[in-house]
Amino acid sequence: MSTQIQPALTDEQVRRYRSEGYLLLNEPIFAPEKFARLKAHFDQKLENLDPSVRPEAMDVPHFTDPSLFEWIFSDEILRLVEPLIGPDIALWSTHFICKPKGDGRRVPWHEDSAYWAGQMDPMNVVTVWLALDPSTPENGCMYVVPRTHDNGFSDYEDVDVRRNVFPTEITHKERFERLAVPCTLKPNEASLHDGKLIHGSPPNTSSVRRCGYTLRFTPSSVHFNGERLAGVHQVYLARGRDLGGNTYAYPSVAYPELARFRESSGRKFH
């Protein structure tokens with residue numbers, strides 16, 4: 001009897017993702033107990049967060065917390081992305097983006113790829129956006145602009161960093177926000193989106209926290225620019241074999257010095 005893990009996406013879901021640039025998965029990703037442990041783990045991290053750090057800015061937490069790989073490299077997650085990028089999978093990054101109730105900051109309209117230009121070739125990233133809290137229009141859920149994933153490198157302009165998670169935003173004439181649709185999710189549900197898709201989210205002025213854990217994967221055939229990433233970023237082989245001539249970090253090892261340098265230098269890759 002075969003023990004191979006079956007892909008979680010149907011052919012129709014794969015077709016929809018490729019056509020629209022995103023996909024909503026309104027069904028539980030993890031068993032209840034496993035999800036509850038992840039949420040409790042995050043809540044503890046949030047409780048211990050340095051008061052000077054905004055909760056939206058919990059970037060690459062796996063660099064200092066290898067225990068997160070229990071969920072990052074789980075079959076439940078990897079079987080979501082394998083139908084889209086194949087069985088040889090690399091982890092590019094993860095990010096807890098937590099908008100506190102009442103004053104959660106806005107995420108400007110952007111393409112993830114704009115922050116990663118020159119760091120990989122080709123630009124082929126799928127993000128799993130796992131909801132830890134309810135994610136609704138009322139508490140600042142993500143909005144996506146379908147079918148905008150054919151470019152990935154729009155023009156940007158500066159925005160107020162006191163009100164926004166990022167300092168730049170796609171220019172008004174290029175972001176097509178009138179066509180945006182909300183990604184409404186319950187806790188333990190997820191969305192998938194292409195790294196070149198235009199997306200953003202409004203501030204959270206509600207009485208309900210909104211937190212998601214983004215996990216970003218590429219096929220291992222993507223070549224990462226080791227010279228650009230040296231001393232500031234690490235990638236990991238999640239499943240299968242390397243096909244891009246890359247060097248990978250060890251998921252069992254913490255890299256606190258890397259996290260400190262990124263924070264002190266401001267060199268973050270979203």
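Going by average Cβ density within 10 Å per residue, which order do the peptides 9-16, 169-176, 136-143 take, highest to lowest?
136-143, 169-176, 9-16
Just the ratio, please: alpha-carbon radius of gyration of the chain over 2.2 N^0.38 Å, N its number of residues.
0.95
Suppose R0 equals 35 Å. What FRET efficiency, 1/(1 + (r/R0)^6) with r the Cβ-Cβ distance, do Asp11 and Tyr115 give to the nearest 0.05?
Between Asp11 and Tyr115 the formula returns 0.65.
Taking 0.36 nm per intervening residue step and subtracting the Cα-Cα distance, what contour gain separates Arg163 from Asp50 on full extension?
38.7 nm
Show the residues, 5+ positions off or on another chain, whose built amide H is closer than 5 Å to the amide H of Gly104.
Sorted by chain and number, the residues that satisfy this are Asn204.
On full extension of the chain, what length is gained from Val232 through Phe176, given 0.36 nm per residue of separation minus the C-alpha to C-alpha distance?
Full extension of this stretch gives 16.8 nm more.
Output needed for the range 128-270: three equivalent-ellipsoid semi-axes, defined as square roots of 5 times the C-alpha gyration tensor eigenvalues, in descending order, whole Å.
Output for the range 128-270: semi-axes of 28, 19, 18 Å.
Once phi is turned into θ = phi - 60°, what whole-Hz ³J(HN,Hα) does the Karplus curve with 6.51, -1.76 and 1.60 give for every residue of the range 128-136, x standing for Gly and Pro?
Working through the residues one at a time gives 8, 9, 8, 7, 8, 10, x, 10, 9 Hz.
Tell me, for the chain, which Cys residues have no other cysteine's C-beta sitting closer than 4.7 Å.
Cys141, Cys183
Where a number appears in this text, it was derived from the coordinates with a stated rule and is not lab data. Just so we're clear, the structure is a prediction, and the values are computed from it rather than from any experiment. Heads up, the Cβs are rebuilt from the backbone with ideal geometry, glycines too, and the neighbour counts pull from every protein chain shown.
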